[in-house]
Structure formats: C-alpha cells, structure tokens
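Down below is the structure, laid out as structure tokens.
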Amino acid sequence: MEIISNSMFPTFFSIFSVIYIIGYFGIFRNWSQKIRPEASSCLISLFHGSPAVILAISALRSQPVWGFAAPNSSAENGVLEFSIAYFTMDLIHYLIFTPQDYLFIAHHVATLFVFISCRCVTLHGAFSVMVLLVFAEITSFCQNIWTLAGLRKDDSELARRVYWVLSPPFYALYTVMRVVAGPLFFAMMSASLMKREARDVMPIWISISWIVVVGTAIMVSWLWIWNNWMEYFRARKVSKEKKEG
C-alpha cells in the first residue's frame, strides 16, 4: 500500500499520454494515418530515452551501495516508475494500432515484468536494471530520429538523407552498447544473481526470469542490428553500382 500511495507512476503515465496525444493529433497530424501512430510512439520514446539515461546515472551516483543485490534507493525507484509509465503507454499504443506486432508486445511485457518486480516485489536489484537501462536507452535519441526519418524517407529527400547519414553512427553505437557492453554486464549480472547474497533477498524464480528476459533481449538485439548492417551494406553496394553504371 505504501508503494502505491507514494508512486509517481500516475503522474508519469499522464505525462506520456499527453505527449502521445499531442504527437498524434498535433505534431504529426499531416502525416499519413499509416505512420502517425509510430511517429507518436517515437515522440514519447524521445521523452523517455535520454531523460531515463540521465536519471539512471544520477540514481547510480547517489546510491551509497553498489551491488547486484543491493536494496533499491528512492531515486532508483523513481526511475523505475518513470520507465514503467513509458512502457505501459507504449504497450497500449502497440495493442491498439499494431496488435499483430507480437515481438514488440512481448518485449514490452517482459520489460515491464522486470521493472515492476524490481520496484514492487524484490525491492532489490535496481543497480542491474539502472545499468541495463543506460545501455539500452543511450541509443534512444539517435534511434528515434533515425526511425522518424525512415518513416518519411520515401517521400522526403531530406528525410532520406538524414536516414542514410545517421545509419552508420547509430548502428555503430548500438553495436557497442548491445553487442559488446551489454553482454559483458549481463554475464556479471547473471553470475551475481545466482549467488547466495542475491538469493537471500530475491526469489530465485525472479532472478532466473530476469536472466532469461535480458538474455533473450540481447539475442534479439544482435539479430536486429545484424540485419540492419546487412541492409545498409547492400544499399551502398547497389548505389555504387548505379553510379558506376
């Protein structure tokens, strides 16, 4: 009951809802109906990603005890509620506009499970979630600009140029965070969550669930960035052949 009464979730959720509505009915009102929902989703992601990185780093710096099984600080709980509100709003977006997008829906449900269980059940382990949140969201700004440009690249020369210019640095940063740094931290996190000090404060089924969720997300990220790199190099090859021809 104390968690509910002190929660900032309703406030954060209201903010993301308003931002989504402003995007859908205001900023992107002249965009086609086909891409307006995704553009509005990108807008709320812009208001979540970079702020979440800053808030998570600030929470980590203010945390007196670093450890995979350390108790959550009030700052870390605030970041968790901020992210829970965002993912809830974005999940509603997918359920309404693209209910057939099972991969993203599953991703959001799994992510919410980790955040909510950390905030409301274990009350420990936020250190791991904060670090993973930084790795995941540090690419958010580039990814959302890249996605918005991609939505309009077929009917806007400026959008097309932004999309292709932004692709290499975005892919490179994503690769470093999701293919290198993320898995290294995941290995340390997994080992720590299986130790006795973690089992003393966190149910073993939650620890195993976190490992499965994060491990699966990393593997999906590998496939996603690999496919995007391949598409980029194929497009460059085709463009080069056209110029030479």
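The values are calculated or read from the model by the stated rules, or taken from the named source; none is laboratory data. Because the structure is predicted, anything quoted here is derived from the model rather than measured. Cβ: placed from backbone, ideal geometry, glycine included. Neighbour counts: every protein chain shown. Quick note on the areas: whole protein, heavy atoms, side chains included, nothing else; ligands and nucleic acids left out. Shrake-Rupley method; radii C 1.70, N 1.55, O 1.52, S 1.80 Å.
Within segment 1-45, being modelled with pLDDT of 95 or more and touching a Cys at 6+ places or on another chain (Cβ under 9 Å) holds for one residue alone: GLY23. ALA70 satisfies every condition listed in (1) open to solvent by less than 50 Å² (accessible area, probe 1.4 Å); (2) out of contact with any strand residue (DSSP E or B) (no Cβ under 9 Å at 6 or more places or on another chain) except (2). Selection of first residues in segment 95-120 that are within 13 Å of THR216 (Cα to Cα) and of second residues that are surrounded by fewer than 14 Cβ atoms within 10 Å (Cβ to Cβ) and of a type in the set (S, T, N, Q), restricted to Cβ pairs under 8 Å at least 6 apart or on distinct chains, gives the following pairs, ordered by first then second residue: ALA110/THR216. Could you check, for segment 196-212, whether at least one of its residues is farther than 21 Å from ASN72 by Cβ and either in contact with a helix residue (DSSP H, G or I) (Cβ under 7 Å, 6 or more places away or on another chain) or β-branched (Val, Ile, Thr) (or both)? Yes: one or more hits. Pairs are defined by a Cβ separation below 7 Å, a sequence spacing of at least 6 or placement on different chains, a first member in segment 219-245 that is more than 18 Å from ALA181 (Cα to Cα), and a second member that is among the aromatic types (Phe, Trp, Tyr) and open to solvent by less than 70 Å² (accessible area, probe 1.4 Å); the pairs so defined are ASN228/TYR171; TRP229/TYR171; TYR232/TYR171.
Selection of segment 2-56 for residues being free of Cβ contacts under 8 Å to residues at least 24 places away in the same chain and buried (at least 19 other Cβ atoms within 10 Å of the Cβ) yields GLY23, TYR24, PHE28, ARG36. If we scan segment 134-141, do we find a residue that is farther than 30 Å from ARG196 by Cβ and either open to solvent by 30 Å² or more (accessible area, probe 1.4 Å) or in contact with a Pro (Cβ under 7 Å, 6 or more places away or on another chain) (or both)? Yes, that holds for at least one residue. The numbered conditions (1) under 27 Å from MET188 (Cβ atoms); (2) open to solvent by less than 40 Å² (accessible area, probe 1.4 Å); (3) within 14 Å of the chain's Cα centre (by Cα) are all true for ILE105 except (1).
Listed here are the residues, each with its yes/no results for (1) modelled with pLDDT of 95 or more; (2) touching a Lys or Arg at 6+ places or on another chain (Cβ under 6 Å); (3) closer than 19 Å to VAL109 by Cβ.
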site: PHE186; (1), (2), (3): yes, no, no
site: SER192; (1), (2), (3): no, no, no
site: GLU197; (1), (2), (3): no, no, no
site: ASP200; (1), (2), (3): no, no, no
site: PRO203; (1), (2), (3): no, no, no
site: SER209; (1), (2), (3): yes, no, yes
site: VAL214; (1), (2), (3): yes, no, yes
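Restricting ALA181, ALA172, ALA126 to those that are open to solvent by 20 Å² or more (accessible area, probe 1.4 Å), within 19 Å of the chain's Cα centre (by Cα), closer than 20 Å to GLY67 by Cα and small (Gly, Ala, Ser) reduces the list to ALA181.
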